[in-house]
1. Restricting the search to region 141-171, which residues are exposed (fewer than 15 other Cβ atoms within 10 Å of the Cβ) and touching a residue at least 60 places away in the same chain (Cβ under 8 Å)?
2. Among the numbered conditions (1) closer than 22 Å to Ser215 by Cβ; (2) open to solvent by 10 Å² or more (accessible area, probe 1.4 Å); (3) in contact (Cβ under 8 Å) with a residue 60 or more places away in the chain, tell me where Ile296 comes up short.
3. Between a residue in region 218-237 that is without any contact (Cβ under 8 Å) to a residue 12 or more places away in the chain and any residue that is among the hydroxyl-bearing types (Ser, Thr, Tyr) and open to solvent by 40 Å² or more (accessible area, probe 1.4 Å), which pairs come within a Cβ distance under 6 Å, given they are 6 or more apart or on different chains?
4. Taking region 121-170 as the region of interest, how many residues are part of a strand (DSSP E or B) and in contact with a Phe, Trp or Tyr (Cβ under 9 Å, 6 or more places away or on another chain)?
5. Give Leu308, Leu344 a once-over and let me know the one that is outside any loop (DSSP other than H, G, I, E, B), touching a helix residue (DSSP H, G or I) at 6+ places or on another chain (Cβ under 8 Å) and either open to solvent by less than 70 Å² (accessible area, probe 1.4 Å) or under 29 Å from Arg34 (Cα atoms) (or both).
6. Tyr211 passes all but one of (1) over 16 Å from Val105 (Cβ atoms); (2) among the aromatic types (Phe, Trp, Tyr); (3) surrounded by 21 or more Cβ atoms within 10 Å (Cβ to Cβ); (4) in contact with a helix residue (DSSP H, G or I) (Cβ under 6 Å, 6 or more places away or on another chain); which number fails?
7. For region 362-381, how many residues meet the condition of being basic (Lys, Arg) and either under 19 Å from the mean Cα position of the chain (by Cα) or assigned to a strand (DSSP E or B) (or both)?
8. Out of everything in region 314-341 that is surrounded by fewer than 21 Cβ atoms within 10 Å (Cβ to Cβ) and β-branched (Val, Ile, Thr), what residue ends up being nearest to Asn180 (Cα to Cα)?
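The values are calculated or read from the model by the stated rules, or taken from the named source; none is laboratory data. These figures come from a predicted structure and were not determined experimentally. FYI the Cβ positions are ideal-geometry reconstructions off the backbone, even for glycines, and counts take in every protein chain you see. Calculation scope for accessible area: heavy atoms of the full protein, side chains included, ligands and nucleic acids excluded. Shrake-Rupley method; radii C 1.70, N 1.55, O 1.52, S 1.80 Å.
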Amino acid sequence: MKIEHPTPINWQFAKRAEQLQSSVIREILKITMRPDIISFAGGLPSPETFPVEHMKAAFDTVLSNQGKIALQYGPSDGYAPLREWIANSLSIDGVTITPDQVLMVSGSQQALDLLGKVLIEDDSKVLVETPSYLGALQAFSVYQPRFVSIPTDDYGLLPEEVEKIADGARLLYALPNFQNPTGRTLSVERRIALVETCARLGLPLIEDDPYGALSYRGEPLPKMLTMNPSGVIYMGSFSKVLTPGIRLGYVVAPVPLIRKLEQAKQAADLHTSQLTQMVVYEAIKDGFLEKHIPSIRTLYANQCQVMLDALTEFFPAGVKWNKPEGGMFIWVTLPEHIDGMKLLEEAIAQHVAFVPGAPFYANEPEKNTLRLSFVTVPPEKIREGVAKLAKLIAAKI
């Protein structure tokens, strides 16, 4: 029976809900779904790298041999063999990571949300890079922190600036490898200095590392986790090295924090898909990633070089960009009078899309910046899209 003429509800949202905003990137992606758009916008891994047949075989094996277990509820901290595999893979440089330090999560975005829920109070200070990953700013914003931006240069954050702003901070969030959005890489010397500073101050350091395996040279830089396992919270993901559709990430941290994160996860979703975790373990347990990741590196390095060559050929003087050593992004700085958001409107009219840089800043956005992602666009389309952008920019100089 349907009730006739119900009184309209005046929805009263919680204060934390008022902090929620749509992701600029996600809104842009709605536009880029059009087949006529050359999209440099999404931070999406290339579908060409997805090991479809290998994953299909892993699903078949798990469902055939352990189907009733895989389709059942699972433990909140995650599938034990996969947690052990992760712990072993991170037990390097003389450091031992144990499985009870590993929590499986439904994509690293959930890890950010859980960390915010457990560590951030209203109006508490949170230190972030300038600029920083938009997804982290979104996740933390729900808990109403006071973001404080760490000064940076072309080589990433400046460790010597941290102590000046760290008093009372709850955490420092950093992406040291091929950072999203800038593609910058933090040097070994700066990593050491940052870890030493945070350790001395007793400041929790979040090391978000979704791109670390995507070094074009195949030479990974040392993880900050191994420099101070008792003070660094490490976040990893299978999205960029296997497939994002599985929505599987993990957090590595001291056991007291992991247990508190586990409790928060129980309240959120009970546990990450048991089936997904078992399939991923089946897919990677015999060394598949060691054979698979080099092909991703080669593809992305080639795509990056195509874009760098196109930028050099087409972009006018006065525009600057970095040359990443890995990952998926190039960061472009325009002359100060050019607004990236307004440029996007004109670019879409020319069937090209990118992400304006301003949303990646927690404070004082630099509107004359933009992020270009090159991994999902064929080389000929990269050149065409860059050439179109160049004409729009040149008309404003």
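1. Result: Asp154, single match.
2. (2)
3. none
4. The total comes to 6.
5. Checking each option against the conditions leaves just Leu344.
6. Among (1) over 16 Å from Val105 (Cβ atoms); (2) among the aromatic types (Phe, Trp, Tyr); (3) surrounded by 21 or more Cβ atoms within 10 Å (Cβ to Cβ); (4) in contact with a helix residue (DSSP H, G or I) (Cβ under 6 Å, 6 or more places away or on another chain), Tyr211 violates only (4).
7. 1
8. Across region 314-341, the extreme among qualifying residues is Thr333.
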